[in-house]
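The values are calculated or read from the model by the stated rules, or taken from the named source; none is laboratory data. The structure presented is a predicted model; accordingly, all values stated were derived computationally and were not measured. Cβ placement follows ideal geometry from the backbone for every residue including glycine, while neighbour counts extend to all protein chains displayed.
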Amino acid sequence: MDRFGGARYPAYTLRRFYPTMIGENLTYAPPQFQYGDPQRGTPQADFLSSVFEYATGLGKQYVEDRLQTSRTQREMRIEQERLDAEARRQQKSADAEARRISLQNLGRKSETPNYLPWVLGGLLGLGVLVVGGVAIASKK
């Protein structure tokens with residue numbers, strides 16, 4: 001067994017894996033991997049390679065644009081979540097401050113006395129006295 005994971009015969013290995021083994025520094029490619037007629041040159045290969053380069057460039061630009069867009073959207077979403085969390089934290093602190101002030105004001109006497117309960121209580125007491133006096137006077 002060789003390093004390609006189970007190909008038994010080297011000819012099969014060469015045919016099967018040679019396209020993935022071609023790199024920038026290799027200068028020889030067997031005829032089955034060349035386009036066109038090897039004796040006449042390769043005009044078809046030049047055209048196909050230029051079309052392939054153009055299509056690859058378009059695809060690469062499209063993928064880069066999509067990645068940039070998704071990266072920007074992700075960063076905007078993270079920033080929005082951070083701003084929302086900050087707003088919630090400020091709202092909680094404002095609520096806690098309002099609750100604290102409210103509890104402080106409950107224990108403190110008001111600065112201006114409220115005379116309304118005394119006036120109403122006095123009028124009610126006066127009414128009870130008048131009704132009681134009329135009831136007593138009408139019995140005799």
| Just to be sure, is A85 assigned to a helix (DSSP H, G or I), modelled with pLDDT under 90 and of a type in the set (G, A, S)? | no
| So which pairs qualify, if the first residue must be in the stretch 76-105 and among the small types (G, A, S), the second must be assigned to a helix (DSSP H, G or I), the Cβ gap must be under 8 Å, and the two must be at least 6 apart or on different chains? | none
| request: Name the one entry in L26, L48 that is surrounded by fewer than 10 Cβ atoms within 10 Å (Cβ to Cβ), at pLDDT below 95 and aliphatic (A, V, I, L, M). | output: L26
